[in-house]
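Written out below as structure tokens is the structure these notes cover.
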Amino acid sequence: MIDKTSPLPLYYQIEEAIKQKIEKGDWEPGSMISSEREFAENYEVSRMTVRQAINNLVNDGYLTRSKGKGTFVSSKKIEQKLLGLTSFTEDMKSRGLEPASKLVSFQKIQANHKLAKSLEIQPSEEVYEIKRVRLADDVPMAIETTFVPVQLLDLQEIHLKKGSLYSHVENAGFYIDYATQSLEASIAREAESEILEIAKGAPVLLIQRQTYLTTGKPLEIVHSVYRGDRYKFMIDMKR
Ligand code: 16G
């Protein structure tokens, strides 16, 4: 309940009360929450105060606003451990979610200097450029642009539309060894927000991965844009 004599701001107390209901599971993901007016009446505060609490919870990913419909409890974020080197297909399956890909474009391009250096090939050698939207249970999670040297293996649309790139690579007799990866915060640009079905300017995570085979050769360079409201990356640390 709200304590009006507390030094804690009212909006913060409301925010915490709503957060608790979501975290305890009293309010299920996907359910619609009361209107600002109803909250204001229940808590006997102004609508401005309620709005501030709700805005913060939307920004933190606990709630999602749907234009003309209302405000809903968000789905739980996918927690991804940054430990094993796994594929999107494996990650989703291990959570009981159905992975899928929309192949946006697939072409052979000539590597520019930077790409050639990272993939350890000669500049102007060909690379596959693969743009995919990755979905879990039909919900878009990430946009991925992958570069793979053409001389390494044969890739066809079919391998990318239905299957997993990593499975294809392994079925072709390669062993994937390790990767280096970076993560940084950003905001969704217009085109990205449309594909990911989020608001323009919503938080996203930019992830870059460079993966190596056991032969020591680079397999891929991947630039991805992950939805900030659906993903949480976890790292275990030991002192
Ligand atoms: C993940 C990897 C990506 C890899 C893809 C293969 C991250 C940030 N990226 O999305 O580098 O190419 O899996 O997925 O985790 P697939 O085998 O399902 O096609």
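Whether any residue in the stretch 163-173 is touching a strand residue (DSSP E or B) at 6+ places or on another chain (Cβ under 8 Å), away from the ligand (no atom under 11 Å from the Cβ) and open to solvent by 70 Å² or more (accessible area, probe 1.4 Å) is what I want to check.
No, the stretch 163-173 contains no residue that is touching a strand residue (DSSP E or B) at 6+ places or on another chain (Cβ under 8 Å), away from the ligand (no atom under 11 Å from the Cβ) and open to solvent by 70 Å² or more (accessible area, probe 1.4 Å).
How do the pairs read when you match residues in the stretch 78-105 that are surrounded by fewer than 17 Cβ atoms within 10 Å (Cβ to Cβ) with residues anywhere that are assigned to a helix (DSSP H, G or I) and modelled with pLDDT under 95, using Cβ under 6 Å and keeping only pairs 6 or more apart or on different chains?
Short answer, once both residue conditions are applied: L103/L160; L103/K161.
With the condition kept exactly as written, say whether any residue in the stretch 41-51 is loosely packed, with under 14 Cβ neighbours inside 10 Å, in contact (Cβ under 8 Å) with a residue 24 or more places away in the chain and closer than 23 Å to Y231 by Cβ.
Within the stretch 41-51, not a single residue is loosely packed, with under 14 Cβ neighbours inside 10 Å, in contact (Cβ under 8 Å) with a residue 24 or more places away in the chain and closer than 23 Å to Y231 by Cβ.
Please specify each residue of the stretch 197-239 satisfying the condition of being open to solvent by 60 Å² or more (accessible area, probe 1.4 Å) and closer than 22 Å to E126 by Cβ. Even if it seems obvious, please write down each step before you answer.
As a first pass, look at the stretch 197-239 and keep what is open to solvent by 60 Å² or more (accessible area, probe 1.4 Å): 197, 199-200, 203, 208, 214-215, 217, 223, 232, 234-239.
Passing the criteria: Q208, T215, K217, H223.
Please pick out the residue among E79, E38, E28, E15 that is among the acidic types (D, E), closer than 19 Å to D229 by Cβ and part of a helix (DSSP H, G or I).
E15
Would you please name the residue that is nearest to K76 (Cα to Cα), looking only at residues in the stretch 1-30 that are surrounded by fewer than 11 Cβ atoms within 10 Å (Cβ to Cβ) and polar (S, T, N, Q)?
By that ranking, first place goes to S6.
Scan the stretch 106-115 for residues that are free of Cβ contacts under 8 Å to residues at least 24 places away in the same chain and outside any strand (DSSP E or B) and jot them down.
As a first pass, look at the stretch 106-115 and keep what is free of Cβ contacts under 8 Å to residues at least 24 places away in the same chain: 107, 109-110, 112-114.
Within the stretch 106-115, N112, H113, K114 meet the criteria.
The values are calculated or read from the model by the stated rules, or taken from the named source; none is laboratory data. None of the values given here were measured: they were computed from a predicted structure. Positions of Cβ are generated from backbone atoms using ideal geometry, with glycine treated the same way; all protein chains shown enter the neighbour counts. We work out accessible area using only protein heavy atoms, side chains counted, and drop any ligands, DNA or RNA first. Shrake-Rupley method; radii C 1.70, N 1.55, O 1.52, S 1.80 Å.
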